[in-house]
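The values are calculated or read from the model by the stated rules, or taken from the named source; none is laboratory data. Quantities reported herein were computed from a predicted structural model and do not represent experimental measurements. Using ideal geometry, Cβ is built from the backbone for each residue, glycine included, and neighbour counts are taken over all protein chains shown. Please note that ligands, DNA and RNA were not included when accessible areas were found on the heavy atoms of the full protein model with its side chains. Shrake-Rupley method; radii C 1.70, N 1.55, O 1.52, S 1.80 Å.
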Amino acid sequence: MTIRFIAASRLPTPWATFTMHGFEDEATGKDHIALTLGDIADGQPVLGRVHSECLTGDALFSMRCDCGYQLQEAMKRVAEEGRGVILYLRQEGRGIGLLNKIRAYHLQDQGADTVEANERLGFAADLRRYDLCIPMLDHLGVKGLRLMTNNPRKVDALSEAGVDIVERVSLTTGLNPHNEHYLATKAGKLGHMIALADFVPADDIDIERKP
Ligand SMILES: Nc1nc2c(ncn2[C@@H]2O[C@H](COP(=O)(O)OP(=O)(O)OP(=O)(O)O)[C@@H](O)[C@H]2O)c(=O)[nH]1
Ligand SMILES: [Zn+2]
């Protein structure tokens, strides 16, 4: 696998002005990005998130999942700390791609849960890989992560790939009537370490895009 660094630029957001680093995966042709803030190459563990693309949640404000809320919260927390990294991986739909995710959503509209829908389409529940994080983090000089996630498989997969996860930081936000069942399935079938009672409800979150 060859991940090639292409270019970096400023990325002003409502929470901080991040540096955006663009990478290309030469094997798949996919591009991935990292948002960074502060000095993350000083050898100390870095607050971080490894976020999988969810066009519907991240860009279209979908309430079916918690992805957009988690991304916003992760960016906010990194900004508050003044230091951190967010790897944004183009592994849409847990690796099945956008159009297959829409197929899966169609099955979910008819009653399947998120895991059953993937299986009915002939996919495993989760096809993501995390080894591409290693060259990205190496390029950025990150030595260890305090990783914001509720997904134990992500922690294991990243550790197995060679990322030093020094701590798991919970990221429970964005609960709403449309994603309650989805989140319960993640806890029940995918092993996510979440209890619905811990969630910050979506109603309490501002989508802040003021200049
Ligand atoms: N196939 C499929 N993918 C989904 C569905 N809902 C969200 N996704 C994708 O799931 C990915 C996010 O994964 P999640 O399981 O929500 O979260 P996670 O990254 O495993 O764990 P956290 O770090 O706790 O957020 C993104 O790529 C989304 O596009 C769904 O119903 N079906
Ligand atoms: Zn999502």
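Laid out as a table, the results:
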| item | result |
| --- | --- |
| Selected from Gly97, Gly84, Gly122 as most flexible by GNM, with the chain as the system and alpha-carbon contacts under 10 Å | Gly122 |
| Relative contact order (%) - the chain, alpha-carbon pairs under 8 angstrom, separation at least six | 21 percent |
| Residues Leu98 and Asp42, FRET efficiency given R0 of 30 Å [Cβ-Cβ distance, rounded to 0.05] | 0.20 |
| The stretch 161-181 versus the stretch 22-46: alpha-carbon centroid distance in Å | 20 Å |
| Rounded FRET efficiency, nearest 0.05, which uses the C-beta distance separating Asp164 from Ser9 and R0 of 35 Å | 0.80 |
| Candidates Thr56, Thr149, Thr17: whichever shows maximal mean-square fluctuation once the chain is modelled as a Gaussian network with Cα springs under 10 Å | Thr17 |
| Mean separation of Cα contacts under 8 Å, 6 or more apart, over the residue count of the stretch 145-211: relative contact order % | 34 percent |
| Candidates Gly93, Gly162, Gly22: whichever shows maximal mean-square fluctuation once the chain is modelled as a Gaussian network with Cα springs under 10 Å | Gly162 |
| Cut-off 13 Å between beta-carbons: net charge of the residues surrounding Leu147, Lys and Arg +1, Asp and Glu -1 | +3 |
| Percent accessible area from carbon and sulfur atoms, the chain, protein chains only, probe 1.4 Å | 51 percent |
| The stretch 50-99: chymotrypsin sites (Phe, Trp or Tyr not before Pro) in DSSP loop, at most 13 other beta carbons within 10 Å | Phe61 |
| Residue-averaged [θ]222 nm for the chain, counting only DSSP H segments that reach four residues, each worth -39500 (n - 2.57) | -8500 deg cm²/dmol |
| For the stretch 119-179: relative contact order, % (alpha-carbon pairs under 8 angstrom, 6 or more apart) | 33 percent |
| Charge context of Ser170, other residues only, Cβ under 15 angstrom, K/R +1, D/E -1 | +3 |
| Greater than 20 Å apart at Cα, pairs in Lys143/Lys186; Lys154/Lys189; Lys101/Lys186; Lys101/Lys189; Lys143/Lys189 | Lys143/Lys186; Lys143/Lys189 |
